[in-house]
1. Residue check, Lys97 against (1) open to solvent by 10 Å² or more (accessible area, probe 1.4 Å); (2) closer than 23 Å to Asn194 by Cβ; (3) in a helix (DSSP H, G or I), all met but one. Which one?
2. Among the residues of region 127-168, which ones are over 16 Å from Leu218 (Cβ atoms) and either outside any strand (DSSP E or B) or of a type in the set (S, T, N, Q) (or both)?
3. Being in a helix (DSSP H, G or I) and either among the aliphatic types (A, V, I, L, M) or free of Cβ contacts under 8 Å to residues at least 12 places away in the same chain (or both) is the filter here, so list the residues in region 41-64 that pass it.
4. Asp120 - would you say it is in contact (Cβ under 8 Å) with a residue 12 or more places away in the chain and either among the charged types (D, E, K, R) or surrounded by fewer than 17 Cβ atoms within 10 Å (Cβ to Cβ) (or both)?
5. How about region 191-217: which of its residues are exposed (fewer than 15 other Cβ atoms within 10 Å of the Cβ), part of a helix (DSSP H, G or I) and not hydrophobic (A, V, I, L, M, F, W, C)?
6. Of everything in region 218-231, what is touching a residue at least 40 places away in the same chain (Cβ under 8 Å) and open to solvent by 50 Å² or more (accessible area, probe 1.4 Å)? Give them in sequence order.
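The values are calculated or read from the model by the stated rules, or taken from the named source; none is laboratory data. Computed from a predicted model, the values in this text were never measured in an experiment. Heads up, the Cβs are rebuilt from the backbone with ideal geometry, glycines too, and the neighbour counts pull from every protein chain shown. These accessible areas exclude ligands, DNA and RNA; they are computed on the full protein's heavy atoms, side chains included. Shrake-Rupley method; radii C 1.70, N 1.55, O 1.52, S 1.80 Å.
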Amino acid sequence: MKRSLNFSFHHMIRIPEPELMDDPIQAESYAKADFETAHSFLVRKFQDRLPLRFIPESILDLGCGPGDMSSRLYSQFPNANFTFLDGSEFMLDLCKKRMGTLVSEKRKNKIQFKKELIQDFVPESPFDLIFSNSLLHHLHDPFDFWAGVQRSIHEDSFIFISDLMRPDSLTNANQLIERYANNEPEILKRDFYNSLLAAYRIEEVKEMLEIVRLDSKLIVEPVTDRHWICHSKPK
């Protein structure tokens, strides 16, 4: 039985979007988009919140997409074992291609690419680091995401999740498009708009964490006018 959230209706109601980017043109457009500013910023937030002297041996990238964030993770932890997971074959192929330019053939550590939905993913063993950027808003049932996270962690795992934040109104959504995607192709503007409407608000994410009993482990905070991050509390 699906769990429900007691969300307030004072804000714009969430409008889900398709869970997978199965259109090759859409996937290619997303892969070619310029996310440098936003992704660099989010990676800095991730680095700032990592425990001191944290060197993970195993890393899970949930919803790796075309691999821009994945490549940044790899550059930071080149000696870790990586699992890149995405439900879209097109996205996973783009990630493989991007990672192929970085990974040395002499590398001894393991890299796996898994075409799998998060709700079907059962890891063989837990990971030291679980990272996810912009996957949660794609899922029709957000508890599939948190269950996937819970199946993938051990007591000392570090979790870092970033995603979009749903604006208060369609007017605010359009203002964000003009501010951050004005020069992008129409297909990307449309995807960004749909993603904003499908995104979860901070209070909704906090309620999810309470329901799945991760609120004692994780902190949620807004970091831009359109992004939030969720990460392990310092120990």
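1. (2)
2. The answer is Ser134, His137, His138, Leu139, His140, Asp141, Asp144, Arg166, Pro167, Asp168.
3. Within region 41-64, Leu42, Val43, Arg44, Asp48 qualify.
4. no
5. Glu203, Glu210
6. Pro222, Asp225, listed by residue number.
Residue-by-condition table, conditions (1) touching a Phe, Trp or Tyr at 6+ places or on another chain (Cβ under 8 Å); (2) open to solvent by less than 30 Å² (accessible area, probe 1.4 Å); (3) aromatic (Phe, Trp, Tyr); (4) closer than 21 Å to Gln47 by Cβ:
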position: Ser125; (1), (2), (3), (4): no, no, no, no
position: Ile130; (1), (2), (3), (4): yes, yes, no, yes
position: Ser134; (1), (2), (3), (4): no, yes, no, yes
position: His138; (1), (2), (3), (4): no, yes, no, no
position: Asp141; (1), (2), (3), (4): no, yes, no, no
position: Gly148; (1), (2), (3), (4): yes, yes, no, no
position: Asp163; (1), (2), (3), (4): yes, yes, no, yes
position: Arg166; (1), (2), (3), (4): yes, yes, no, no
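A quick yes/no check of all residues on (1) of a type outside the set (Phe, Trp, Tyr); (2) exposed (fewer than 12 other Cβ atoms within 10 Å of the Cβ); (3) modelled with pLDDT of 75 or more:
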position	(1), (2), (3)
Ser4	yes, yes, no
Asp22	yes, no, no
Phe35	no, no, no
Arg49	yes, no, yes
Ile59	yes, no, yes
Cys64	yes, no, yes
Asp68	yes, no, yes
Pro78	yes, no, yes
Gly87	yes, no, yes
